[in-house]
Structures are given as structure tokens and as C-alpha cells.
1. Calculate one ³J(HN,Hα) per residue across the range 36-48 by plugging θ = phi - 60° into the Karplus curve 6.51 cos²θ - 1.76 cosθ + 1.60, and present them in order as whole Hz with x for glycine and proline.
2. HN-Hα J couplings of the range 141-153 from phi, Karplus 6.51/-1.76/1.60, θ = phi - 60°, integer Hz, Gly and Pro as x?
3. If Arg48, Arg14, Arg152 are ordered by their accessible area, calculated over protein heavy atoms with a 1.4 Å probe, which sequence runs from highest to lowest?
4. Go through 138-147, 109-118 and give me the packing order, highest mean Cβ count within 10 Å leading.
5. How much length would be gained if the chain were fully extended between Glu7 and Ile159, taking 0.36 nm per residue of separation minus their Cα-Cα distance, in nm to one decimal?
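The values are calculated or read from the model by the stated rules, or taken from the named source; none is laboratory data. Predicted model only: the values in this text are computed from it and were never measured. Here the Cβ is made from the backbone with ideal geometry for all residues, glycine too, and neighbour counts use every protein chain on show. Just the protein is used for accessible areas: all its heavy atoms, side chains included, with ligands, DNA and RNA removed. Shrake-Rupley method; radii C 1.70, N 1.55, O 1.52, S 1.80 Å.
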Amino acid sequence: MSEFDREKFKEYWRRTEVIRTYQRMLYTFGDMELPYVFAAEHGQFRDRTVVRKGIILFQKPQILLPRYYSGPEFKEGFEHADAIPPEAVYLFRSMGLPYSHITNKTVATEQIEYGSLQDVLDKFSARMESEENSETGLIKGILDGADISLMRYSLGLVINSASENVKEFFEHLRKQRGEPIKPDEKITDEDIRKLFE
């Protein structure tokens, strides 16, 4: 991938803004489908906004020991995944993020909404607020880099859930082994840190 592509990747990443995010932790075990609304300025008309609706599928998240670790893997719907800068890949791996396949699926045809980007974002945000919708993400980005914005959104969810996912994973392992767990006993952040040293 050329330097230009990497610079474009970084630009689209920086210009992404998550307006609303999924409010809970990702499942430690099992698949999840999380809906999103992506909005970007129209390429030609300032009074119009392009809106895409879709689903991010987190397929069978697993927490694996470091020697088997390869990090979150972006599958279909992420055409720019190969342009992730190497330093970012290293950072994600060093953070010990759970492994999962992440897929982006569009569920509606691209729509043109009349109004500025900010007006359209405010409208969707207000609607989600009034419907008490805590599952749908609302993401602002650049149209040509929509999948990069969705990568950033997905990784944010993985990062926010990683600590609790690891704790649940180890609690699950101990239950499987028949090791007693006291009601007030929890895996600490220090335990997790030692695991990935």
C-alpha cells in the first residue's frame, strides 16, 4: 500500500467522529450484530447529506492467549483494511484486544437527506434519544473513507469492552475447571496486565 493511501487512511480516521455509540459491553462469547447510521457531506451539494445504514457483525469474539493472538480481523465490507498503518496494528496487538471477525453489511440503499451534515446528525441523534435507542451507532465521516470510519467505531467498541471481556473469560475458565469462585471475587486489571506482559 502506498504512502499516499496510508496518509488518506490517517486523514479519514482523524476526521471520523462517533456521535452515538453502543452503550453496553460486547458479548464475551457469541456473535453480535450492531446497527449503525453513517453520515457524510455530499460531494457536490452543501445542503445535502449522504446517509448509509448497516450492521457491524462481531463474529464469535474469542480471547486467546498471546502466542495465538492475531487481533481483530476485518472481513467483507472493509475494502481499506490493508491500509491500516503498521504502527496501528502493532498498537492493537500490544493492547491485547480480543480476536474476532468483524464484518460490515449495508442494509439499506444509500440515501440523500436534505440539510447540512450537522442538521442531519442532530435529527438522527434526537430521534435515537427519543426512541431510547442505545444500540445504534451514529458516525460522521468522509464518504470515500466510510469503511475506515466504521473500523474506528468497531475498534472503539472492542477496546471499551476488552477489560470486562477478559475478566469474564477467566471467570468462565475457572468455572469450567471447577475452581471455587467467591461471590465477591473478581479478576483485577492487575491480573490482566500480568497476563499480557
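1. In residue order, the calculated couplings are 8, 10, 10, 10, 8, 4, 5, x, 10, 10, 5, 8, 9 Hz.
2. My calculation for the range 141-153 gives x, 9, 3, 5, x, 4, 5, 5, 4, 6, 4, 4, 4 Hz in order.
3. Arg14, Arg152, Arg48
4. Result, highest mean first: 138-147, 109-118.
5. Between Glu7 and Ile159, full extension yields an extra 52.4 nm.
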